[in-house]
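The values are calculated or read from the model by the stated rules, or taken from the named source; none is laboratory data. None of these values were measured; they are calculated from a predicted model. As a convention, Cβ positions derive from the backbone with ideal geometry for all residues, glycine included, and neighbour counts pool all protein chains shown.
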Amino acid sequence: MKSIYIGLWAILIISLFSQCNKSNQSANITQTTGKAGSLSRFALVGNYLYAINNQKLMVYGASDPKNLSLLNTLNVGESIETIFPFQDKLFIASNNGMYMYSLANPIAPIKESFVQHITGCDPVVANETHAYLTIHSGRNCGSNNINVLQVYKLDSNLANPTFKTSIPLSNPIGLGLKDKYLFVCDKVQGLIVFDISDGDSPIEKQIITGETFVDVIVYNDLLVCMLDNGIAYYNIADINNITKLAVLN
């Protein structure tokens, strides 16, 4: 059942690829960006697929999806968990920190900085100005009973991320961004919606309950939620009136 579950999530990731304007041939990296959850271990950016294992970042040529070619392999660190792309950047989370890579050269990503934190499982998402990550306790996440949302301010070249705040939660896992809102899946509390108009200081706006939320994919006005026992779809066009569309168990 677990393999089927992961397969469905992968299908959703693939099916939600967004196609940008392909007329700009000088900037292949912005042509196609995969839509994936914050727990993903691979990311599609332009004509390249980036995948991680426990220690390494692999770069594949993906201009022909039927014939992926391994172009580069980089050592990142230990206990690498998730990867999140944003514009020409990769945010790679391990269970003791967050790595930030520049894709100025998409075949050879360059590490810009590393932020260390207390040991714990660590998904991450980011926008132009901030990175948001959750640290949660649990199996394979270290012995520290830490469950928080952390916020880092980013500079233009990622070299000096600045820690801003830490918000205690119950058991936060995956998270996603839409405009000035941050969605955090907490397996105890529910789906927590934060207003991040002030990026440094998220403000809790509401909590959606009734499901056990694990991760989210934001796709325009659709929120696709990975649950403990399936997948749920929510309409988030009106953030003050989020409505459930369907659940697949």
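Working carefully through the options I207, I242, I203, find the one that is in contact (Cβ under 8 Å) with a residue 24 or more places away in the chain, surrounded by fewer than 19 Cβ atoms within 10 Å (Cβ to Cβ) and more than 18 Å from the chain's Cα centre (by Cα).
None of the others qualify; the one that does is I242.
When only residues in segment 23-58 that are out of contact with any Pro (no Cβ under 7 Å at 6 or more places or on another chain) and of a type in the set (V, I, T) count, which is modelled with the highest pLDDT?
Per the stated criteria, the residue is I52.
Of all residues in segment 99-123, which are buried (at least 21 other Cβ atoms within 10 Å of the Cβ) and at pLDDT 90 or above?
Within segment 99-123, Y99, M100, Y101, L103, P109 qualify.
Scan segment 234-249 for residues that are touching a strand residue (DSSP E or B) at 6+ places or on another chain (Cβ under 8 Å) and over 14 Å from D195 (Cβ atoms) and jot them down.
Y234, N235, T243, K244, L245, A246, V247, L248, N249
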